[in-house]
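The values are calculated or read from the model by the stated rules, or taken from the named source; none is laboratory data. Please read these numbers as outputs of a predicted model, since none were measured by experiment. All Cβ positions, glycine included, derive from the backbone under ideal geometry; neighbour counts span all protein chains shown. All accessible areas refer to the heavy atoms of the entire protein, side chains included, with ligands and DNA or RNA removed. Shrake-Rupley method; radii C 1.70, N 1.55, O 1.52, S 1.80 Å.
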Amino acid sequence: MSSFPAQYIIFAYLYVSLALLAFNVLYILWVRWRGAIQAHQKRRWCKWLKKDFEQIIPAESARSRRRQAYLRHRLSHLRQLMAFVAAAETFEAEEPEKMRAFFDKEDELFLLLARDYGRRESMEKAYYAWVLGRFHLMHLRQTSLMDQVFGYLVNTSIYCRENVLNTLYASGSVEVVEKAYQFLQNQSMFHSRKLLSDGLLTFRGDQQLLAQTLWQHREWNDELRCSIVQFITRMDPLPDFSASFLETIRNRAESLEVRLAIIRYFARFKSENALPLLLGYAREEAQVEMAIVAASALRNYPCPETIDTLTRAVCSTNWYVRANAASSLIALKAEDAMQAVLNGTDRFARDMLLYQMQKQAQ
Amino acid sequence: MYDVVETLLHVIDTFFLVYLLLYASYLFISVVAGGYRLWHRDKMSEVRNELKHDFYYPISLLVPAYNEEVTIIQNVESLLTLDYRLYEIIVIDDGSKDATSQKLIDHFNMKRTDRPIRRVVSCKPQESIHEADVNGVHLTVIKKVNGRKGDALNMGINASQYPWFVCIDADSVLQRDSLEKIVQPVLEDDSIVAVGGMIHILQVLEMENGVPKKYRMPLNPLVNMQVMEYERSFLASRILMDLFNGNLIISGAFGLFRKDIVMAAGGYDTDTLGEDMELVVKLHTFCRNNNIRYSIRYEPSAICWSQAPESMGDLQKQRKRWHKGLFQCLFKYRQIFCNLNFGLVSFISYLYYLIYELLSPFVEVAGLLFTLIFWAAGMLNGAFALKFLLLYAIYGACLTITAFFQRVYTLKMKIHFTDIIKAIFTCILESLVLRYFIAFTRTIAFIGYSEKKDQWGTLRRIRHDLSGHSKQEKKNPSADQKA
């Protein structure tokens, strides 16, 4: 055998592996005990909060340096903060006014903690951002607190960004959300439009005003703008953005994704001014994506021109245009048109319409 | 003459030493990387670093089935209870000789339809299509002319209506949150084209309403060996390769794919046994050749439970098929070999699969032979060789046990003391005995290759009662699937 001491390398790997194994075993034991430890910490915080609620503490005393230093020291440890959150959630359910009063009283504390957690790794920042959103602490509207939380958006994970955005949505402040989106735009940060549009729907302030404010930014990237259109489309009640959207969709230089999102808006918001455009898109096979979505949107525009356009679209060479057109014809109960297709010579159109009718019957 | 023999001995000795050390190093790095990432992710979910949503993206679940009447109802019923807002299920019966389709049609009261299929990727034609809405989920059963698994999946892709699809085996079971977990990476990164899930062995599981309740390793050492093997692969190796977008395989039992990219790449290959690996390697090649920014990820918290062979015969058939599929895939995409355009995919992933998966059985068997030859010729330090072999076996067992314990980060279930004993015993048995048997099986996989290269073989299907008892059903009587 070679004189190379291969066995020592294997021994080294073996020792490290044993250490890793030991870590895993210890972790399993820690997980078992973690629940009990957390429950104990939560009970301690519950006692402290109960004592705090029962004492009538004047405002000056509430802000006493010692009390604040104590709370700041304890809550700057992640596990203690988690236990505190668990205790706060319990009191929020039992004594919501007192819990609210506590948070209002301690706004400076949460600002200091925001600075502390701002210096930590992304995971802890994300948790603190979540805490701020969970207890609606951003409504305090301290500029400095907002600025701190904005800092959490820089060089961070998507989880942290999402928690921060959710916190900002919960603040109910249109300017703050606008500023956050501008920040995402400036930093060219990717954040899924799905997350953005869903998050916007949780906005606690004036959603109409928010939609108008955000939509003004035509310079923003497609992901942000699509998410805004999707947000508007899902608002209830559905606002009237038809004029602005029509202007955007007529602009052929506009991105395809934004134009498609706008067509979906018009599928919900019926606008007579949009009808000629939708009819045009459904006929135009050159831009097949537009035709696909327009064929579906037209089901909300019952009129002879629509029926005529859909009857032609069901004979399209594109499968999805045929499918959507057939489905729309059925939704519009265009019996004569459907009969014409069924009796016609286009086998593909006939097959598609028959299938959609079967699907409807089920 | 003696000098020549000594030089030869030295060369062989050095070769095996380097080979073993490199493999040991790879395993070590993958277990460490896997452990760290899993621990980190567990901590993240504990501190609200997660994306929780009601609704992500609509998904089509594609279930290719061939003679699966034993397990198909259980499988589909588990798929109907997933915690996911919008998805459809498409079962593609690939010309079964048993009552796979009929069982589904009768059980779910399905109606025949004349659904037009847009055949973008090539597949054999359909014979009938049945549809039903069950618990708000649209279920489709397509019976088609036999064309093998890849062909069946292509039919499913053509029939699917959603932009993402998940392929899942007909004998596999998903957890309630599996879809939600496998789609989450897509929200994090818009360049993702595929996500692989974690596969666990079904025979160890008791499940209630889609939630795993108990995990107990059975007495069957073959099943236990596969449990350990899967843990080592899924909780270590794949996580390491994930770090540099280097995964070359997403298990056919559970994987999420972006439909438009798969269609553009040509869909599944229909003349290879390893269609799951072939598709992933194809995606790597397609995206790089077309300068498409892409990412193929692995999500360890997206869990699927899949049946493992319980008999030596079935295990041999499976491993032979896997090995032939691996060869076909690596040969077909040999352009990746030492190709700078593919970066670490070429210089780590491809080389790993070539040297330590495809060629390893031959190397191991050759190693045993050389050891015996040189020992017989009196040129071997027998005591040292034995000690080294034992040390290496213990090291391998230790790493496997470590990977086994890393399950605690993904499976929140108690590990019983008896399971630990079984795991340790299985690791030792695998290191000293079973791995050489599997190596030998893979070595002879190529005997009769030209005649049997497309054959899947017949496996015994057992309907695993998820409430805790295994019930053996009739053996699948059909003939082998052929091209």
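Out of the stretch A:305-356, which residues are among the polar types (S, T, N, Q) and either within 16 Å of B:Gln161 (Cα to Cα) or buried (at least 16 other Cβ atoms within 10 Å of the Cβ) (or both)? Can you show your working first?
Restricting attention to the stretch A:305-356, the residues satisfying the condition of being among the polar types (S, T, N, Q) are A:306, A:309, A:311, A:316-318, A:324, A:327-328, A:339, A:343, A:345, A:356.
Hits for the stretch A:305-356 are A:Thr306, A:Thr309, A:Thr311, A:Ser316, A:Asn318, A:Asn324, A:Ser327, A:Ser328, A:Gln356.
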Exercise. Does B:Gln307 qualify as being among the polar types (S, T, N, Q), open to solvent by less than 30 Å² (accessible area, probe 1.4 Å) and in contact (Cβ under 8 Å) with a residue 40 or more places away in the chain?
Worked result: yes
Seminar exercise, completed: B:Glu88 fails exactly one of (1) out of contact with any His (no Cβ under 8 Å at 6 or more places or on another chain); (2) surrounded by fewer than 22 Cβ atoms within 10 Å (Cβ to Cβ); (3) in a strand (DSSP E or B); (4) not basic (Lys, Arg), namely (1)
For this session: State which residue is least open to solvent (accessible area, probe 1.4 Å) when the search covers only the stretch A:3-55 and only residues that are charged (D, E, K, R) and at the interface with chain B (Cβ under 10 Å from one of its Cβ atoms).
Result: A:Arg34
For this session: Just give me the residues in the stretch B:91-107 being in a helix (DSSP H, G or I), of a type in the set (A, V, I, L, M, F, W, C) and surrounded by 21 or more Cβ atoms within 10 Å (Cβ to Cβ), in sequence order.
Result: B:Leu104
Exercise. In the set A:Lys179, A:Lys125, A:Lys105, which member is surrounded by fewer than 22 Cβ atoms within 10 Å (Cβ to Cβ) and under 25 Å from B:His53 (Cβ atoms)?
Worked result: A:Lys179
Problem set entry | Residue, farthest from the other protein chains (Cβ to nearest Cβ), within the stretch B:108-127, restricted to residues that are more than 22 Å from B:Tyr268 (Cβ to Cβ) and open to solvent by less than 30 Å² (accessible area, probe 1.4 Å) | B:Phe108
Exercise. Would the stretch B:275-295 turn up any residue that is surrounded by 24 or more Cβ atoms within 10 Å (Cβ to Cβ), outside any helix (DSSP H, G or I) and in contact with a helix residue (DSSP H, G or I) (Cβ under 9 Å, 6 or more places away or on another chain)?
Worked result: no
For this session: Could you pull out every one of the helices (runs of 4 or more DSSP H) wholly within the stretch B:332-448 that has 3 or more residues that are free of Cβ contacts under 8 Å to residues at least 60 places away in the same chain, of a type outside the set (Val, Ile, Thr) and open to solvent by less than 60 Å² (accessible area, probe 1.4 Å)?
Result: B:382-405
Problem set entry | Selection from the stretch B:52-77 of residues that are more than 14 Å from chain A (Cβ to nearest Cβ) and open to solvent by 20 Å² or more (accessible area, probe 1.4 Å) | B:Tyr66, B:Glu69, B:Val70, B:Ile73, B:Gln74, B:Glu77
For this session: Of all residues in the stretch B:113-152, count the ones that are within 23 Å of the chain's Cα centre (by Cα) and closer than 24 Å to B:Arg85 by Cβ.
Result: 0
Exercise. Tally time: how many residues in the stretch A:232-270 are surrounded by fewer than 16 Cβ atoms within 10 Å (Cβ to Cβ) and either in contact (Cβ under 8 Å) with a residue 40 or more places away in the chain or of a type in the set (Gly, Ala, Ser) (or both)?
Worked result: 4
For this session: Considering each residue of the stretch B:234-273, count those that are open to solvent by less than 10 Å² (accessible area, probe 1.4 Å), under 12 Å from B:Gly150 (Cβ atoms) and of a type in the set (Gly, Ala, Ser), and give that number.
Result: 2
Exercise. Does A:Gln187 fit the bill of being away from chain B (no Cβ under 14 Å) and exposed (fewer than 15 other Cβ atoms within 10 Å of the Cβ)?
Worked result: yes
Exercise. Does B:Ile168 meet the test of being open to solvent by less than 20 Å² (accessible area, probe 1.4 Å) and either modelled with pLDDT under 95 or within 23 Å of B:Ile239 (Cα to Cα) (or both)?
Worked result: yes
Problem set entry | Given (1) of a type in the set (Gly, Ala, Ser); (2) more than 25 Å from the chain's Cα centre (by Cα); (3) within 14 Å of chain A (Cβ to nearest Cβ), index of the condition B:Ala376 fails | (3)
Exercise. For the stretch A:128-145, how many residues are modelled with pLDDT under 90, part of a helix (DSSP H, G or I) and open to solvent by 20 Å² or more (accessible area, probe 1.4 Å)?
Worked result: 4
